[in-house]
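Engineer: I'd like to ask some things about the structure below.
Readers should treat all values here as calculations from the given coordinates under stated rules, not as data from a laboratory. What you are looking at is a predicted structure, and each value in this text was computed from that prediction instead of being measured. Don't worry about glycine lacking a Cβ; one is built from the backbone with ideal geometry, like all the others, and counts go over all protein chains shown.
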Amino acid sequence: MITADGVSFGYGRALVLDDVGLTVEPGQVVGLIGPNGSGKTTLLRTLYASLTPRAGLVTLDGRPLAGLEPRALARRLSVVAQEGAAELPLTVADTVLLGRSPHLATFQRPSRQDHRIAAAALTRVGVRHLADRVFAGLSGGEKQRVLIARALAQRADHLLLDEPTNHLDIRYQHEVLSLVRRLEVTTVVVLHDLNLAARYCDELVLLDGGTVAATGTPDAVLRPEVLEPVYEIGVHRIPTDDGVQLLFRPLDEQDPT
Amino acid sequence: MGLTTAVDTGPDPDDLDDDVDDDLDDDLDHAARRRSTALWIGGLTAGLLVTLVLAVGLGAVAISPATVARIVGHHLVGWPGEVSATSAEESIVWRVRLPRVVLGLLVGAGLAVCGVALQAMVRNLLADPYLLGVTSGASTGAAAAILFGLGAGFGENALSASAFLGALAASLAVFLVARAGGRITSLRLLMAGVAVGYALYAATSFLIFAADSAEGARSVLFWLLGSLGLARWSVPLAVVAVVVCLSVAALMVWGRKLDALAVGDETAHTLGVPPTRFRVRLLVVVALCVGAVVAASGGIGFIGLVIPHVARRFVGAAHGRVIPVAALIGAIFLVWADVAARTLLEPRELPIGIITALVGAPFLLILVRRFHATST
């Protein structure tokens with residue numbers, strides 16, 4: 001379980017997050033949505049202690065994040081973050097094995113069992129055949145799946161993802177999120193695409209200008225009267241036999257009737 | 001339709017643990033990976049021993065490897081008890097060449113592993129150990145010692161001591177400048193290193209200008225280009241040995257942390273490696289190691305830049321393997337570069353920095369071309 005209570009964060013005087021709260025029950029998948037600059041990534045970073053909130057408290061299974069030793073935190077919480085391209089030609093196998101490092105003592109080498117866990121994680125996301133390729137040379141979608149494999153190899157029961165569907169074509173967007181869904185670990189995922197959020201999340205938190213504009217089930221949050229003031233775009237809900245789909249159009253083009 | 005099939009592939013979540021226990025076959029060729037690393041390290045260690053014996057034998061007076069082995073064995077382990085060599089040969093091997101070869105392998109290993117660490121730390125494959133202003137600091141210290149007799153209190157070790165202190169002072173300055181904003185990022189570290197380096201370069205030039213001594217300027221220049229000529233069994237050599245061995249050991253132990261840091265600060269953090277704290281530790285190790293090495297041998301260039309790339313080509317980029325392999329290759333390469341420096345223009349001795357640059361610069365050009373080919 002992950003909770004954030006009254007979390008504020010800012011650079012200089014401007015607040016990027018202002019009194020934000022969040023509760024993720026065990027096994028739940030919670031989506032963070034909101035327009036660019038609404039504080040989604042910043043909130044996510046406070047959840048894995050990459051940023052220390054100016055005020056408020058973040059807890060993991062009831063324990064304050066600040067009190068957890070870095071490696072202990074890494075054993076319980078894995079993260080798929082956006083990171084600039086690294087130049088170092090690490091292979092995919094080495095990259096995924098890094099996920100085992102929080103479990104290894106300083107003088108310990110990764111054991112055969114660690115290698116098996118890494119292999120299983122690669123198989124799980126369907127990129128076992130890339131094990132000996134250089135990570136930096138992969139396509140965006142392959143990289144994303146390798147990073148998820150690394151998070152899986154970490155064997156933590158909490159998972160945070162920052163826009164894991166970036167750079168993926170539609171099929172892999174669904175594949176990655178349904179994989180996350182089936183892991184049954186406590187998950188927070190930043191998403192841009194509201195239709196993906198509707199399909200794969202149990203709960204949504206809608207951020208707007210650093211505050212929580214709405215929170216609840218996808219059905220409760222993904223409504224025109226909630227979304228339109230935040231995104232400043234016209235929203236149309238279309239019920240289909242496969243759940244609700246959202247359609248968008250600019251507000252100034254809306255039919256005057 | 002394609003969508004639903006895509007969604008339903010893959011095993012159930014409950015199977016994950018069973019997968020690992022059942023699928024004994026797939027361990028990413030763990031044994032083969034181990035074996036290949038062990039072979040590289042074993043082979044290079046053998047190569048280093050051969051290098052040692054051959055390099056000691058080569059020079060103005062050639063001495064056969066067998067004689068070299070006997071003399072070294074006699075001095076190290078007391079076997080054989082009697083050496084059938086002339087006392088001149090014995091003196092050349094034991095007093096002149098062996099300390100020089102030993103210093104060479106320490107300097108090569110130290111610069112190579114510090115290069116690896118630096119490249120991971122600032123996340124730039126063109127970084128080298130001199131980036132952090134360490135050499136510039138050592139040069140300023142050495143120039144002050146040569147031209148103005150600084151550090152005379154250290155007696156015959158005045159030059160090494162003041163160069164070492166200069167190196168540490170420069171590292172400290174880089175560290176303080178880089179830390180000014182709170183977090184030490186790779187970019188900040190790079191810029192601080194370049195800025196401090198230029199400032200100290202100006203200081204060294206000013207010292208040479210102010211001293212107004214042609215002889216002194218020549219000594220400083222020679223020192224800047226690097227030489228192992230000062231090597232003998234002495235306290236500074238012992239200091240270099242201890243510092244380099246400890247640095248190599250520390251960096252080997254930190255292999256995985258270096259991997260994580262090389263990927264990115266966020267990644268390092270999420271794998272339980274606090275990036276700023278780890279960078280500070282690395283900075284201390286690299287500053288001490290490069291400081292000690294430069295104080296003993298001057299500013300030998302290109303080793304720290306080029307050897308890490310060679311090592312990566314052999315064993316991949318994971319630092320647990322790269323560090324020991326880079327140390328061994330660096331040691332072998334520098335010892336042979338020194339052999340070339342002292343034999344090519346006999347009886348004159350070339351500054352070793354000229355040799356390493358002659359070999360290293362073309363390599364760097366190839367690297368840059370390759371780099372552009374892959375990044376576009």
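Engineer: Treat each spin label as a single point 7 Å out from the Cα along the C-beta direction, and report the A:F107 to B:V61 distance in nm.
Structural biologist: That separation, rounded to one decimal, is 4.5 nm.
Engineer: Going by C-beta contacts inside 10 Å, put A:D94, B:D338, A:D61 in order with the fewest on the left.
Structural biologist: Ranked by crowding around the Cβ, least crowded first: A:D61, A:D94, B:D338.
Engineer: On the Cα set of region A:1-152, report Rg and Dmax in Å, please.
Structural biologist: Values for region A:1-152 (Cα only, Rg and Dmax): 17.4, 51 Å.
Engineer: Averaged over B:258-265, how many beta carbons belonging to a partner chain fall within 10 Å of each residue's beta carbon?
Structural biologist: Mean shielding count: 5.
Engineer: With axes computed from alpha carbons, what is the tilt in degrees of helix B:319-343 against the longest principal axis of chain B, rounded to the nearest 10 within 0 to 90?
Structural biologist: So the inclination is approximately 30 degrees.
Engineer: Related question: Along the charge dipole of region A:2-253, pointing to its positive end and built from +1/-1 on Cβ of Lys, Arg, Asp and Glu, which listed residue (A:L251, A:A119, A:V58) has its Cα farthest out?
Structural biologist: Ranked along the dipole, the leading option is A:A119.
Engineer: Rounded if a/c is under 1.5, else prolate if a/b beats b/c, else oblate: with a ≥ b ≥ c from the C-alpha gyration tensor eigenvalues square-rooted, which is region A:129-168?
Structural biologist: Oblate.
Engineer: Classify the protein assembly as shown as rounded, prolate or oblate, taking a ≥ b ≥ c as the square roots of the eigenvalues of its Cα gyration tensor: rounded when a/c is under 1.5, otherwise prolate if a/b is larger than b/c and oblate if not.
Structural biologist: Since a/c reaches 1.5 and a/b is larger than b/c, the shape of the protein assembly as shown is classed as prolate.
Engineer: To the nearest 10 degrees, how steep is helix B:98-121 against the longest Cα principal axis of chain B, on a 0 to 90 scale?
Structural biologist: The two axes meet at around 30 degrees.
Engineer: Which value in nm describes the separation of the simple spin-label points at A:T215 and B:F148, placed 7 Å from the Cα toward the beta carbon?
Structural biologist: Inter-label distance under the simple model: 6.4 nm.
Engineer: Under the definition of partner shielding as Cβ atoms of other protein chains within 10 Å of a residue Cβ, what is the mean value for peptide A:96-106?
Structural biologist: Other-chain Cβ atoms within 10 Å of each residue's Cβ, averaged: 4.
Engineer: Still on this structure, please answer the following. For A:R54, A:R13, B:R342, A:R71, which order do you get if you count the other beta carbons within 10 Å of each Cβ and list the fewest first?
Structural biologist: A:R13, A:R54, A:R71, B:R342
Engineer: What ranking do B:C114, A:C201 get, fewest neighbouring Cβ atoms within 10 angstrom at the top?
Structural biologist: With the fewest neighbours first, B:C114, A:C201 line up as A:C201, B:C114.
Engineer: What relative contact order, as a whole-number percentage, does region B:230-330 give when Cα pairs under 8 Å and 6 or more residues apart are counted?
Structural biologist: RCO, region B:230-330: 38 percent.
Engineer: Also: Where the centre of each part is set by its Cα atoms, how far does region B:123-138 sit from region B:272-295, in angstrom?
Structural biologist: A separation of 12 Å, based on Cα centres.
Engineer: Using alpha-carbon positions, what is the distance between the centroids of region A:186-240 and region B:152-178, in Å?
Structural biologist: Here the two parts' Cα centres lie 60 Å apart.
Engineer: At 10 °C and 1.306 mPa s, grab the translational diffusion coefficient of region B:272-376 from Stokes-Einstein with a Kirkwood Rh over Cα pairs, rounded to a whole number in µm² per second.
Structural biologist: The calculation lands on 101 µm²/s.
Engineer: Say the dipole of region A:2-253 comes from +1 at the beta carbon of Lys and Arg and -1 at that of Asp and Glu; which of A:G99, A:L207, A:V80 then lies farthest toward its positive end?
Structural biologist: Checked the options; the winner is A:G99.
Engineer: Got the relative contact order for chain B handy, in percent, Cα pairs under 8 Å and 6 or more residues apart?
Structural biologist: With pairs under 8 Å counted, the relative contact order is 25 percent.
Engineer: Related question: Given the -39500 (n - 2.57) contribution per DSSP H run of 4+ residues, what per-residue ellipticity at 222 nm results for chain B, rounded to the nearest 500 deg cm²/dmol?
Structural biologist: Value at 222 nm, helices only: -24500 deg cm²/dmol.
Engineer: Let me ask something else. Hey, what's the per residue convex hull volume over the C-alpha atoms of region A:2-253, in cubic angstrom?
Structural biologist: For region A:2-253, the hull spanned by Cα atoms encloses 148 Å³ per residue.
Engineer: Each residue of region B:206-213 in turn: what ³J(HN,Hα) in whole Hz from Karplus with 6.51, -1.76, 1.60 and θ = phi - 60°, glycine and Pro shown as x?
Structural biologist: Each residue of region B:206-213 in turn: 5, 4, 4, 4, 5, 6, 6, 10 Hz.
Engineer: Towards the positive end of the charge dipole of the protein assembly as shown, with charges on Cβ (+1 Lys, Arg; -1 Asp, Glu), say which of A:V20, B:A142, A:L147 has the farthest Cα.
Structural biologist: B:A142
Engineer: Just report the Cα centroid separation between region A:144-165 and region B:342-372, whole Å.
Structural biologist: 45
Engineer: Working out 0.36 nm times the residue gap between B:R95 and B:E346, then minus their Cα-Cα distance, what length gain in nm do you get to one decimal?
Structural biologist: 88.4 nm
Engineer: Please compute the contact order of chain A in relative form: average sequence separation of alpha-carbon pairs under 8 Å and at least six residues apart, divided by the residue count, as a percent.
Structural biologist: Normalised by residue count, the contact order of chain A is 25 percent.
Engineer: What's the whole-number percent of alpha carbon pairs in region B:101-368 lying beyond 26 angstrom?
Structural biologist: Across region B:101-368, Cα pairs with separations above 26 Å total 38 percent.
Engineer: Sticking with this one: For B:S234 and B:A46 in the same chain, what is the full-extension length gain: residue separation times 0.36 nm, less their Cα-Cα distance, in nm?
Structural biologist: Length gained between B:S234 and B:A46: 65.0 nm.
Engineer: Could you work out how far apart the two model spin labels at A:I238 and B:L76 are, taking each label as a point 7 Å from the Cα in the direction of the beta carbon, and quote it in nm?
Structural biologist: Here the answer is 7.9 nm between the modelled labels.
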